[in-house]
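One structure below.
The values are calculated or read from the model by the stated rules, or taken from the named source; none is laboratory data. What you see is a predicted model; the values in this text were computed from it and never measured. Heads up, the Cβs are rebuilt from the backbone with ideal geometry, glycines too, and the neighbour counts pull from every protein chain shown. To get the accessible areas, we keep the full protein, side chains included, count just its heavy atoms, and leave off ligands, DNA and RNA. Shrake-Rupley method; radii C 1.70, N 1.55, O 1.52, S 1.80 Å.
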Amino acid sequence: MIRLKMNPLTESATLLRRAGVVLGSVGLTALYSLLILLRALFGRLNRPIVDQYCREWSAALLRLVRASLAVRGAVPDFGDGRRYIIMCTHASHYDIPVTFVSLPGSIRMLAKKELFSIPLLGHAMRAGEFPSVDRSNRQRAVEDLNRARAMMESGIVLWAAPEGTRSPDGKLLSFKKGCFHLALDTEAVIVPVAIRGIHRVLPARTWQINLGQPVDVRVGTPLDTAGKTKADLEEVMTDVRGRLEELLGNGEAE
């Protein structure tokens, strides 16, 4: 087990502190987005630099809320040449930063297309190899899928949330099929990851920020989808759900 201690003090943030966290988070996101764009402009951007910036940005965001992280489970060797998709529980905006800090490799979020329209951030995500798959347009979806597959073959580890939206209490919601189609299409290894306690840091659809929360990242046994077809979709979804529920503790958030 790896522990990444930040601050053990737990408290509910005051209005002023909440404002500070929000403004600080926006400022950090703008800063690192700008750094990526400037490096891209001058031809000095590469994947290790993006990895470094993602982890620095994430660590800074987590320091603002004084989260205390523990990582449990065997992390796969993401550099073994296989394609990987991290399928993670989704109960907070902090799921992504926690993953960046907790796991190795060149992790990139499978992003919603709307994020790419955000000033600075959207352009930085494109420059940093963050993929998106738009299944509402068949031709575009094929192009996006081929691009995502090429990224994975070059060493990118995709991060996806099968629930599609944030859980308000940390318990698993119903799954969307999109990321599972992608896993089967790319014959990826699915790595289940459950983040326990993250829903208390910033509960979904609220501005109630709680400081110093313990967050437990649990990495499960990978599932290799090589050789599986669309006919196996429901079986794969059920298997991944079972693994995530076990990691959460029978679906109960702590």
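In the stretch 212-230, of all residues being among the polar types (S, T, N, Q) and open to solvent by less than 60 Å² (accessible area, probe 1.4 Å), the one that is farthest from R18 (Cα to Cα) corresponds to T225.
For the stretch 172-215, which positions are assigned to a loop (DSSP other than H, G, I, E, B) and of a type in the set (K, R)? Full working, then the answer.
Our first condition is that a residue be assigned to a loop (DSSP other than H, G, I, E, B); within the stretch 172-215, this holds for 172-177, 187-188, 197, 201-209, 212-213.
Residues satisfying the conditions are K176, K177, R205.
Selection of first residues in the stretch 68-95 that are under 22 Å from Q208 (Cβ atoms) and of second residues that are of a type in the set (S, T, Y) and part of a loop (DSSP other than H, G, I, E, B), restricted to Cβ pairs under 9 Å at least 6 apart or on distinct chains, gives the following pairs, ordered by first then second residue: S68/T10; T89/S167; H90/T165; H90/S167; A91/S167; S92/S167; D95/T89.
When the residues of the stretch 137-153 are filtered to those that are closer than 19 Å to F180 by Cβ and of a type in the set (A, V, I, L, M), which remaining residue is most open to solvent (accessible area, probe 1.4 Å)? Result: V142.
Against the condition at pLDDT 95 or above and either part of a helix (DSSP H, G or I) or over 15 Å from the mean Cα position of the chain (by Cα) (or both), how does R66 come out, does it pass? Please lay out each step first, then the result.
Details: at pLDDT 95 or above: no; either part of a helix (DSSP H, G or I) or over 15 Å from the mean Cα position of the chain (by Cα) (or both): yes.
No, not satisfied.
Among the residues of the stretch 118-143, the one identified as closer than 26 Å to T238 by Cα and of a type in the set (D, E) is D134.
With the requirement that a residue be within 14 Å of V191 (Cβ to Cβ) and open to solvent by 50 Å² or more (accessible area, probe 1.4 Å), what does the stretch 67-81 give you? Spell out how you get there, then give the answer.
Just the residues of the stretch 67-81 that are within 14 Å of V191 (Cβ to Cβ), to begin with: 71-80.
The answer is R72, G73, A74, V75, D77, G79, D80.
In the set I156, I190, I209, which member is out of contact with any strand residue (DSSP E or B) (no Cβ under 7 Å at 6 or more places or on another chain) and open to solvent by less than 30 Å² (accessible area, probe 1.4 Å)?
Working: I156 fails: out of contact with any strand residue (DSSP E or B) (no Cβ under 7 Å at 6 or more places or on another chain); I190 fails: out of contact with any strand residue (DSSP E or B) (no Cβ under 7 Å at 6 or more places or on another chain).
Matching residue, one of I156, I190, I209: I209.
Test T29 against the criterion of being more than 15 Å from the chain's Cα centre (by Cα), in a helix (DSSP H, G or I) and either within 20 Å of A161 (Cα to Cα) or modelled with pLDDT of 95 or more (or both), and give yes or no. Taking the combined requirement at face value, the residue satisfies it.
Listed here are the residues, each with its yes/no results for (1) surrounded by fewer than 13 Cβ atoms within 10 Å (Cβ to Cβ); (2) modelled with pLDDT of 95 or more.
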position: M6; (1), (2): no, no
position: L9; (1), (2): yes, no
position: R44; (1), (2): yes, yes
position: S92; (1), (2): no, no
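Show me the helices (runs of 4 or more DSSP H) entirely contained within the stretch 95-155 in which 2 or more residues are of a type outside the set (A, V, I, L, M) and modelled with pLDDT under 90.
Details: elements: 95-102, 121-127, 138-153.
Passing ranges, in order: 138-153.
Of all residues in the stretch 237-254, those that are surrounded by fewer than 17 Cβ atoms within 10 Å (Cβ to Cβ) and either under 21 Å from the mean Cα position of the chain (by Cα) or at pLDDT 95 or above (or both) total 8. Of the residues contained in the stretch 48-64, one or more are found to be open to solvent by 10 Å² or more (accessible area, probe 1.4 Å), of a type in the set (V, I, T), under 20 Å from S106 (Cα atoms) and without any contact (Cβ under 8 Å) to a residue 60 or more places away in the chain. Of all residues in the stretch 159-187, those being open to solvent by 30 Å² or more (accessible area, probe 1.4 Å) and either within 27 Å of P48 (Cα to Cα) or among the charged types (D, E, K, R) (or both) number 7. Filtering the stretch 94-125 to residues that are surrounded by 17 or more Cβ atoms within 10 Å (Cβ to Cβ) and β-branched (V, I, T) leaves I96, V98, T99, V101, I107.
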